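These notes concern the structure reproduced below.
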Amino acid sequence: MKILAVCGMGFGSSMVLRMTIESVLRELGITATVATADIGTAKAETADIIVTSSEFATMLADKNVPVITITNYVDKNEMKEKLQPVVQK
């Protein structure tokens with residue numbers, strides 16, 4: 001499974017998202033590859049799940065994969081609540 005953490009530039013925010021995603025996946029005992037990308041790259045990248053802000057989610061809606069929107073990138077509870085149902089399908 002490949003999860004893509006997306007932000008505007010592909011550096012700061014996406015790295016924070018990636019660390020939070022990886023932490024939650026470890027807690028859940030789920031193995032996945034978590035990559036980071038800027039919005040432009042994300043449009044061309046393949047992934048099974050995309051995690052981003054609501055601002056960028058609308059730009060990625062045509063990807064035909066689940067797009068999870070996160071408000072607080074460091075909130076593990078929010079991440080777990082939104083990511084767990086999707087990764088455990």
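Since every read-out is calculated from the coordinates, none of them should be taken as a lab result. Here the structure is a predicted model, which means the values were calculated and not measured. Positions of Cβ are backbone-derived with ideal geometry, glycine not excepted, and every protein chain shown enters the neighbour counts.
For the reader, a short list of remarks on this structure follows.
- Within the chain, helix-based [θ] at 222 nm, where runs of 4 or more DSSP H residues each add -39,500 (n - 2.57), nearest 500: -12500 deg cm²/dmol
- When the chain is treated as a GNM with alpha-carbon contacts under 10 Å, the residue of 28, 60, 17 showing the greatest mean-square fluctuation is 28.
- Under the Karplus curve 6.51 cos²θ - 1.76 cosθ + 1.60, θ = phi - 60°, whole-Hz ³J(HN,Hα) for region 61-70, x wherever Gly or Pro sits: 4, 7, 6, 6, 9, x, 10, 9, 9, 10
- Counting only alpha carbon atoms, the long axis of helix 12-28 and the longest principal axis of the chain meet at about 30°.
- Theoretical gain in end-to-end length, residue 69 to residue 28 [0.36 nm per residue, Cα-Cα removed]: 12.8 nm
- Of the chymotrypsin sites (Phe, Trp or Tyr not before Pro) in region 7-89, the ones in a loop by DSSP (not H, G, I, E or B) with at most 16 other beta carbons within 10 Å are 11.
- With a Förster radius of 25 Å applied to the C-beta separation of residue 76 and residue 9, the computed FRET efficiency comes to 0.60.
- Evaluated at q = 0.15, 0.23, 0.24 Å⁻¹: base-10 log I(q)/I(0), Debye formula over Cα of the chain: -0.45, -1.13, -1.25
- 11 Å beta-carbon shell around residue 8, net charge (K/R +1, D/E -1): -2
- Using a cutoff of 8 angstrom between alpha carbon atoms and counting only pairs six or more residues apart, the relative contact order for the chain works out to 33 percent.
- If R0 equals 22 Å, the separation of the Cβ atoms of residue 61 and residue 86 corresponds to a calculated FRET efficiency of about 0.90.
- By average C-beta atoms within 10 angstrom, highest first, the peptides 2-8, 75-81: 2-8, 75-81
- Each label was represented as a point 7 Å from its Cα along the Cα-to-Cβ direction; for residue 54 and residue 1 these points are 2.5 nm apart.
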